[in-house]
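Here the structure comes first, spelled out in structure tokens, and everything after it is commentary.
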Amino acid sequence: MADFLIEMNRIRNRLAHRLGEPITFDLVFGLAKVAHLGGVDFSDDTIHSDYQLSQQWYGIQGIIQEIFQNAAQDLSFIMEEHGGEFQFA
């Protein structure tokens, strides 16, 4: 999970400091692969394992949605294991 969070922060920094930096399919597909390796569960392994089908079925927006909703859920479980409380608004 740590490698995924570090990569996500690296991408966030790049997007925040380079105005006009595009969010490409390659970028989000690569992040999905890192997320999977970090333990993020996806509803469909195609999202991180099949470049062409992932692009066709999910596209950039679908992958971003899957990454963030699943990562948030997984992080909420970790937080609750340590006594915290996570609320989805």
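Here, each number is a calculation from the coordinates, and none is a lab measurement. What you are looking at is a predicted structure, and each value in this text was computed from that prediction instead of being measured. Here the Cβ positions follow ideal geometry from the backbone for every residue, glycine too, while neighbour counts run over all protein chains shown.
Using Cα centres only, tell me the gap between region 1-30 and region 48-89 in whole Å.
Computed from Cα coordinates, the inter-centre distance equals 15 Å.
Taking Cα pairs under 8 Å and at least six residues apart, what relative contact order does region 1-71 come out at, in percent? Don't jump to the answer; show the numbers that get you there.
Values: 59 pairs, mean separation 24.6, N = 71.
Contact order relative to length: 35 percent.
Looking only at 20, 38, 30, which one moves most when the chain is put into a Gaussian network model with springs between Cα atoms under 10 Å?
Maximum fluctuation in the GNM of the chain, among the listed residues, is at 20.
Which distance in nm do the two modelled labels at residue 45 and residue 25 give, with both placed 7 Å along the Cα-to-Cβ direction?
2.2
Label the chain by shape, choosing from rounded, prolate and oblate, from the square roots a ≥ b ≥ c of the eigenvalues of the Cα gyration tensor; if a/c is under 1.5 it is rounded, and otherwise prolate applies when a/b is larger than b/c, oblate when it is not. Mind dumping the intermediate values first?
On the way: a/c = 2.02, a/b = 1.33, b/c = 1.52.
Oblate shape, in that a/c is at least 1.5 and b/c is the bigger or equal ratio.
What ranking of 21, 85 emerges when the number of other C-beta atoms within 10 Å of each C-beta is taken as an exposure proxy, fewest first?
85, 21
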